[in-house]
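Read the structure below first, then the notes.
The values are calculated or read from the model by the stated rules, or taken from the named source; none is laboratory data. Since we're looking at a predicted model, the values are computed, not measured. Note: ideal-geometry Cβ built from the backbone for every residue, glycine included; neighbour counts use all protein chains shown. Ligands, DNA and RNA are stripped out before the accessible areas are found, and what is left, the full protein with its side chains, is counted by its heavy atoms. Shrake-Rupley method; radii C 1.70, N 1.55, O 1.52, S 1.80 Å.
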Amino acid sequence: MQIKNIIKKEIIKSLILHGADKNCDPIITTSSDKQTSDYQANGIIGISIKLKKKPKEFAESVIKNMQKIRLISKITISNPCFVNFFINLKFLEKELEKIFLCKRLGIQKQIKKRIVVDYSSPNIAKHMHVGHLRSTVIGDSIVRIMEFLGHDVIRENHIGDWGHQYGMLIAYINKKKIKNIKNINLEKLERYYQKSKKKFDTNNKFKKQSKEILIKMYKNDKKCLSIWKKIVNITLLENEKIYKSLNITLKPIHIKGESFYKDMLKNIILDLKKKKISNFKNGKTIVYLKNFKNKLGNNMGVVIQNSDKTFLYSTIDIACIKYRSKILKADKIIYYVDYRQKRYLKQIFEISKKAKYIHKNLSVKHYEFGTILRKDNKPFMTRNGKLIKLSDIINKSIRKSKSIILKKNVNIDSKRLEKISKIIGIGAIKYFELSKNRKKNYVFEWKKILKLDSNTAIYIQYAYVRIMSIIKRVNIKINEVKNRIIITNDIEKKVALKILQFEDVINEALKKSYPNILCNYLYKLSLNFSKFYEKYYIMSEQNKKIKNSRIKLIFIVAKTIKLGLSLLGIKTVKNI
Ligand code: ARG
């Protein structure tokens, strides 16, 4: 139920009658623990000042002229000028009943849009490292939310599988006469890559050879492309394993890497030339952008073709936008890419707008994220500056979960231990990532990831386990319970109100592309359940009506947790 929206709409209607702008924002919030009301409008004071009216009188008149809405039982004003809303208990109980019966927990779908989401996008000939965690995990969660809300989502794994790196890698493989490339493992391939890079940077002859190979690749030279394909496959096979163990929805069919666009690049250059967007200077094709200045204060140039006629990362991204807009007919394109590419992507968007590849009904957004740090605030690498492989982190987390589970249940059979520790271990790293503000850097601390008493996946998964075990122990068929839900105390009301916030929370998490909004919500919901469980009887409640009502209520909490975690790509277990 979108309570916030309903209240907002109604109060805005009245605000407009009082001279406010139709786009004004009354700032509806859910009340904090200290307040007694259920919802609050905090923006009335600002609006009244703008209209040069006395805040309190203004607020009084605004609420007097608000239409009666069923879900509100009382509206009050508190100092200096906050408007407080109290939710009608009977209404709350009825809504819970509806949610209880509904698979989607009463959550409505949005107007369907076609949304292309560019995420994960690792590079070839390298292991996926901790830096890929953010784009992969955040992107995948938002994609799940979009699909749940009814959108037509096109996942795109824009892997870095083209460009001069492959020229140099193949030149190296040729030079060293390396055979049986298919059987090389990624470890070795990564070493070849590093060695070839060193050679490329120091040896001009090798550099020339590498460039020649890239040109051959553009000309579809069979021999070069066959080596290239093998290199790509070695990497993809490893990445596939990571996606699988991390429970990421990206599949091989979602791979549309840089190489996919290679035959479109010539036309992009011609088109930008024809549209007088690009310039030709010292053999290079460059687009100068007014809004971007370089250090000298001159218009910044984005090179889109080198003097040797090869193309760049930028040319591919421009072609890619054209493809997503004209062929895929996207309504929206979203990029989950590191903040360091912010300026670059802005330039690409600007060029694409000029070329009319981005039309006015297409929204293109870059959702950036910060860096994962070590405790000493340095980027999360090994002490000798090596990137930490994602697979190492996954394995470590599973190992740690195993020992936690064994402490709780020494008799667990080994198969189940394997299964559960995977769910807990993977959930822990994903949740730790998702619960952080995407835009900020964060410190990766093993100590905090699997804590049982704070905002972690295991805390929420554990609340779910407790509820499921209560339901199992009371031994009733939950769907056959005839008693209706009745709210008998304040904590129960808090739990109920939290449940009803779920739809607002999902919508907000998607709108801002902040999965941490959903994480915080699930944590609070679990906390409220625990408080309720500590203070009131459920299993041993004597009054059958109350007992059944409480069981229904906690069952909805469990359903909400399960759905919420699944939107984060995290699994639940029934018992530990
Ligand atoms: N492969 C790039 C990297 O690892 C990310 C690609 C992002 N997507 C894009 N369309 N440029 O930095």
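A few points about this structure:
- Failed condition for Asn279, given (1) surrounded by 13 or more Cβ atoms within 10 Å (Cβ to Cβ); (2) within 16 Å of the ligand (Cβ to nearest atom): (2)
- Of all the residues in region 135-192, those that are aromatic (Phe, Trp, Tyr) and either within 16 Å of the ligand (Cβ to nearest atom) or open to solvent by less than 30 Å² (accessible area, probe 1.4 Å) (or both) number 3.
- Residue within region 92-112 that is under 26 Å from Asp338 (Cβ atoms) and in contact (Cβ under 8 Å) with a residue 24 or more places away in the chain present: no
- The residues in region 382-400 that are of a type in the set (Ser, Thr, Tyr) and over 14 Å from Leu246 (Cβ atoms) can be counted, and the count is 1.
- Residue match in region 351-359 (condition: more than 23 Å from the chain's Cα centre (by Cα), open to solvent by 10 Å² or more (accessible area, probe 1.4 Å) and among the aromatic types (Phe, Trp, Tyr)): no
- Qualifying residue in region 445-462 (condition: within 21 Å of Asp140 (Cα to Cα), assigned to a loop (DSSP other than H, G, I, E, B), in contact (Cβ under 8 Å) with a residue 12 or more places away in the chain and within 25 Å of the chain's Cα centre (by Cα)): yes
- Restricted to region 309-357, and to residues there that are under 25 Å from Tyr514 (Cα atoms) and hydrophobic (A, V, I, L, M, F, W, C), the residue that is nearest to the ligand (Cβ to nearest atom) is Val337.
- Flag for Leu101 being more than 16 Å from the ligand (Cβ to nearest atom), of a type outside the set (D, E, K, R) and loosely packed, with under 15 Cβ neighbours inside 10 Å: yes
- Within region 416-455, considering residues that are among the aromatic types (Phe, Trp, Tyr) and surrounded by 15 or more Cβ atoms within 10 Å (Cβ to Cβ), the one farthest from Gly370 (Cα to Cα): Tyr431
- Taking the criterion of being within 28 Å of Ile111 (Cα to Cα), away from the ligand (no atom under 14 Å from the Cβ) and not small (Gly, Ala, Ser), the residues of region 359-373 that qualify are His359, Lys360, Asn361, Leu362.
- Some residue of region 509-518 being on the phi > 0 side of the Ramachandran plot and not in a helix (DSSP H, G or I): yes
- Test result for Lys329, charged (D, E, K, R), modelled with pLDDT of 95 or more, on the phi > 0 side of the Ramachandran plot and not in a helix (DSSP H, G or I): yes
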